[in-house]
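Structure, as structure tokens:
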Amino acid sequence: MLQMGGSAAIILNRLAWLGAAALSVFLILTIPIAHAFWSMPEPQSRFEFLVVLEHISLIGGLMVAASLGSRGTAP
């Protein structure tokens, strides 16, 4: 539900900063809960680390969307 609502807020440019913030918090929380690469054996650890890097890059994109949405231009 959070993913749908946050995405809709960004796409419709209605409180885009809030949608981007909610999605960013969701992504940050999934790292230690679902992708604890530091406690996994090596082959799986490498894959989970790449997923964590993907989450971090998505957070960067959401920050750009939030800044563009607050200026009145949708990404």
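No value in this document is a laboratory result; all are computed from the given coordinates. Just so we're clear, the structure is a prediction, and the values are computed from it rather than from any experiment.
Quick notes
- Maximal additional length on extending the Phe26-Leu50 stretch stands at 6.9 nm, based on 0.36 nm per residue less the C-alpha distance.
- In plain terms, the chain from Leu18 to Ile33 could stretch by 3.1 nm, reckoned as 0.36 nm per residue minus the Cα-Cα distance.
- For the chain, the longest principal axis of the Cα atoms and the long axis of helix 42-70 meet at an angle of about 10 degrees.
- Relative contact order (percent, whole number), the chain, Cα cutoff 8 Å, 6+ residue spacing: 38 percent
- For the stretch 2-70, the alpha-carbon radius of gyration amounts to 1.26 times the rule-of-thumb value 2.2 N^0.38 Å expected for a compact globular protein.
- In degrees, nearest ten, helix 2-12 long axis to first principal axis of the chain (Cα): 40 degrees
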